[in-house]
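*Asks:* This is the structure, below, for whatever I ask next.
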Amino acid sequence: MSNKQKVNLAGLTLVGLKNLFSDLNEKPFRAAQVMKWIHQRGVTNIDFMSDISKDLRKRLFEVGEVRLPHVLNEFVSGDGSRKWIVEVASGSQVEMVYIPEGGRGTLCISSQAGCSLDCSFCATGKQGFDSNLSVAEIIGQLWWANKLLGNFDQSNPISISNVVMMGMGEPLLNFNNVIDSVNIMMEDAAYGLSKRKVTISTSGVVPAIKKMKGLTEVSIAVSLHAPNDKLRGQIMPINKRYSIAELLGSVKAYMGSLSDNRVPLIEYTLIKGVNDHRQHARDLAKLLVSFPCKINLIPFNTFESSNFERPSGSSITNFREILKKAGYTVTVRTTRADDISAACGQLVGGVTDRTQRSVRYKRKIDKSNESVKLVGKLATAAERI
Ligand code: SF4
């Protein structure tokens, strides 16, 4: 059997592994053994899985292997955050970011190479879209972060307490692979993360949110960013397909299906002069009045080719205070890893853009640079006259 046809064990859920062992006429408990070797001990060589008999290892090797994406580069921020560039099978590069908080921390991982949506405040969207990541490429980011943080060999363990699917891509447009991946993250025989600490962040793919019920118990964050459909449609094209009412309705139904009383997180990127007025805050408070949630305000992080700006400190405070007075739990996301372009909304990687969107953006920037140069020349010429 050629390598290409082998099953990638790193991308299998516990159920998937059980099915594999059933096909090999083996007991289901083997699944948890293999899962522990890969995801708790960081072992990729089947031969090293010593609590499995030699004969079974040989048979497993004939049908399966562990393939993970490649980490190409690491950037370390002055605040201790780390960004890794990961190459996936398509040849594109995606980014993941680890943000430490004391001895623990949050890992922000990618679900797609690029993004087919085009939110106007997001650097990833400007890259266009290449491909969905496989389960092994998504879970492989968590695997690598554990490896590089020394968590497998306990050499320098730094706990990853939270995982957020807030990196590159819209997770729910890669539905099956993302659901399998978050379920592996929460699996006791793998990473054993709490369902409260694994979060899918979505821009609002309503049919996919409806499909989540019963398949996972992961937490959810909604990228809202505007208090009405008109403004949201201007900065997030997806709102033209699914209105805010449909989006909030589907999230409410999903939350109602969970076995505990968690609430979703509403993410609101504050952009100067666009959605940061006091009236926007009042409208947001009104919009969410019967939608139990927490609100996270994210001051816009600038990136090359963006026309937007971050609001002033006082605008952010005013916005937050209006929401707080209305009774909401509000946090303001501290900007982290800005010095390595790893702050929220800044991730770009290296995407083979199949949509040509990046080319169009580049043309637009070149054109506007040309106009700036022309205005400069005219001004100089005018000064000479
Ligand atoms: S914010 Fe999310 S959904 Fe929107 S373009 Fe960026 S990655 Fe895609």
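*Asks:* Does GLY42 fit the bill of being in a loop (DSSP other than H, G, I, E, B), assigned by TED's automatic domain parsing to the domain that holds MET168 and at positive phi?
*Replies:* no
*Asks:* Filter segment 45-68 down to the residues that are assigned to a loop (DSSP other than H, G, I, E, B), touching a helix residue (DSSP H, G or I) at 6+ places or on another chain (Cβ under 7 Å) and without any contact (Cβ under 8 Å) to a residue 40 or more places away in the chain, then identify the one that is farthest from GLY150 (Cα to Cα).
*Replies:* ILE52
*Asks:* Taking the residues in segment 72-123 that are more than 11 Å from the chain's Cα centre (by Cα) and among the β-branched types (Val, Ile, Thr) as candidates, determine which candidate is surrounded by the most Cβ atoms within 10 Å (Cβ to Cβ).
*Replies:* VAL86
*Asks:* So which pairs qualify, if the first residue must be in segment 174-202 and assigned by TED's automatic domain parsing to the domain that holds VAL222, the second must be part of a loop (DSSP other than H, G, I, E, B) and within 16 Å of the ligand (Cβ to nearest atom), the Cβ gap must be under 7 Å, and the two must be at least 6 apart or on different chains?
*Replies:* ASN174/SER111; ASN174/LEU133; ASN177/LEU133; VAL178/SER111; SER201/MET166; THR202/GLU170
*Asks:* How many residues, within segment 5-32, are closer than 14 Å to GLU62 by Cβ and either assigned to a helix (DSSP H, G or I) or aromatic (Phe, Trp, Tyr) (or both)?
*Replies:* Result for segment 5-32: 5.
*Asks:* Here is a further query. Could you check how many residues of segment 111-154 are away from the ligand (no atom under 16 Å from the Cβ) and among the basic types (Lys, Arg)?
*Replies:* 1
*Asks:* Could you list, in sequence order, the residues of segment 325-342 that are touching a residue at least 60 places away in the same chain (Cβ under 8 Å) and small (Gly, Ala, Ser)?
*Replies:* Correct list: ALA337, SER341, ALA342.
*Asks:* Hand me the list of strands (runs of 3 or more DSSP E) wholly inside segment 85-133 holding 3 or more residues that are at negative phi and touching a residue at least 40 places away in the same chain (Cβ under 8 Å).
*Replies:* 93-101, 104-108, 129-132
The values are calculated or read from the model by the stated rules, or taken from the named source; none is laboratory data. In this text the structure is predicted, and so the values were computed from the model without any measurement. As a convention, Cβ positions derive from the backbone with ideal geometry for all residues, glycine included, and neighbour counts pool all protein chains shown.
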